[in-house]
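A.B. asks: If you scroll down you'll find the structure; I have some questions about it.
Nothing in this text is a laboratory measurement; each read-out follows from the coordinates by a stated rule. Computed from a predicted model, the values in this text were never measured in an experiment. When we count neighbours, we look across all protein chains shown, and the Cβ atoms used for this are built from the backbone with ideal geometry, even at glycine.
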Amino acid sequence: MIAADRDEEKRAAAEAAVAEIEAGMLVGLGTGTTAAFAIAAVGARVKTGLNIRAVATSLATARAAEAAGITVIAMDDHASVDLCIDGVDEIDSLFRAIKGGGGAMVREKIVATAAARNIAIADSSKLVDRIGARPVPIEILPLARAFIAEHVSVLGGKSELRRNENGLFQSDQGNPVLDCRFGPIADPPALSAVLDALPGVVGHGLFLTEIDALFIGTPEGVRKMR
Ligand code: 5RP
């Protein structure tokens, strides 16, 4: 698929999800290139009079949303969100996803879990039979790096510290991220439970129960699942 077609699918999925926002809602805004189309679409609706407030799943999203004219408030004071719209790296037909390509999975999971409805938006390449071709990102406390890498290895995964152009990648919380390749994951809930129980894991990118609906852009239009 060429990049322009993929972008068109992302944009269409994002706009379909943004159409579900109603006046007065507190909206969770995701992170990444697909979520960026949603932020632009929310900004356009705000400019024509939609009155909403938003919480951001990353510092980058907060900046982009404010630049689009959206009122962004801190999640700190809110136990619930009306609607969350966010991208995924991979997702299966049971809405079990890998997220965190942008390293924002810790905040994304808080907002997604707090949301009354959480819509995943994606281009058609993201829908897979079985998740695991993409790495599962794990945000860790620095002192637990070798300890967690060893456990990942025992679980059959291969971990690599994420880097970017500035050197070691740091999450919005200031922590490193281990990208862990497991290959096709036979039992995502079992893997998620083991990772959740490991001391030093701040959070990981397996989203198995948080997603309520999936809007996929396709060449034929947006396919809305659930
Ligand atoms: C960021 C995420 C993103 O939603 C995910 O990586 C998808 O990104 P994109 O829409 O750019 O493909 O989880 O942490």
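A.B. asks: Evaluate the charge dipole of the range 65-124 about its Cα centre and quote only its size in Debye, nearest 20, assuming +1 on the Cβ of each Lys and Arg and -1 on the Cβ of each Asp and Glu.
C.D. replies: Dipole magnitude for the range 65-124 comes out near 140 debye.
A.B. asks: Moving on. For the peptides 161-173, 4-16, 186-198, what is the packing order when you average, over each peptide's residues, the other Cβ atoms within 10 Å and list the highest mean first? Please list the in-between numbers first.
C.D. replies: Numbers: 161-173: 13.0, 4-16: 20.0, 186-198: 14.6.
Output ranking for 161-173, 4-16, 186-198: 4-16, 186-198, 161-173.
A.B. asks: Residue farthest toward the positive end of the dipole of the range 77-143, with Cβ of Lys/Arg at +1 and Asp/Glu at -1: which of I119, P135, L83?
C.D. replies: P135
A.B. asks: Pop out the ³J(HN,Hα) list for the range 214-221 in order, Karplus 6.51 cos²θ - 1.76 cosθ + 1.60 with θ = phi - 60°, rounded to Hz; leave Gly and Pro as x.
C.D. replies: Once rounded to whole Hz, the list reads 10, 10, 10, x, 9, x, 8, x.
A.B. asks: Indicate the helices, whole DSSP H runs only, in the chain that combine a mean Kyte-Doolittle hydropathy of 1.0 or more with a Cα extent along their long axis of 15 angstrom or more.
C.D. replies: 33-47
A.B. asks: Where Lys and Arg each count +1 and Asp and Glu each count -1, what net charge lies around V27 among other residues with Cβ under 9 Å from its Cβ?
C.D. replies: 0
A.B. asks: How high is the relative contact order of the range 12-117, given as a whole-number percent (alpha carbon pairs under 8 Å, six or more residues apart)? Walk me through the numbers before you get to the answer.
C.D. replies: Details: 185 pairs, mean separation 32.8, N = 106.
After rounding, I find 31 percent.
A.B. asks: Calculate the dipole size of the chain relative to its Cα centre from +1 charges on Lys and Arg beta carbons and -1 charges on Asp and Glu beta carbons; express the result in debye to the nearest 20. It would help to have the intermediate numbers written out before the result.
C.D. replies: Values: 23 positive and 29 negative charges, 25 e Å.
Dipole about the Cα centre, nearest 20: 120 debye.
A.B. asks: Rounded, prolate or oblate: pick one for the range 73-161, where a ≥ b ≥ c are the square roots of the eigenvalues of its C-alpha gyration tensor, a/c under 1.5 means rounded, and failing that, prolate if a/b is larger than b/c, else oblate. It would help to have the intermediate numbers written out before the result.
C.D. replies: Details: a/c = 2.67, a/b = 1.28, b/c = 2.08.
Oblate is the answer for the range 73-161, as a/c is 1.5 or above yet b/c matches or exceeds a/b.
A.B. asks: How much mean residue ellipticity at 222 nm does the chain get from its helices, if each DSSP H run of length 4 or more adds -39500 (n - 2.57) and you divide by all residues, to the nearest 500 deg cm²/dmol?
C.D. replies: -9500 deg cm²/dmol
A.B. asks: Right, something else. Give the long-range amide H neighbours of I138: residues separated by 5 or more places, or on another chain, with amide H under 5 Å away, using H modelled in the peptide plane at 1.01 Å from N.
C.D. replies: Amide H to amide H, under 5 Å and 5 or more residues apart or across chains, I138 pairs with L178, D179, C180.
A.B. asks: Among G156, G69, G221, which residue has its Cα positioned farthest towards the positive end of the charge dipole of the chain, with +1 placed on the Cβ of Lys and Arg, -1 on the Cβ of Asp and Glu, and the dipole taken about the Cα centre?
C.D. replies: G156
A.B. asks: Hey, can you rank 103-112, 149-158, 70-79, 85-94 by average C-beta count inside 10 Å, highest first?
C.D. replies: By packing density, highest mean first, the sequence is 103-112, 85-94, 149-158, 70-79.
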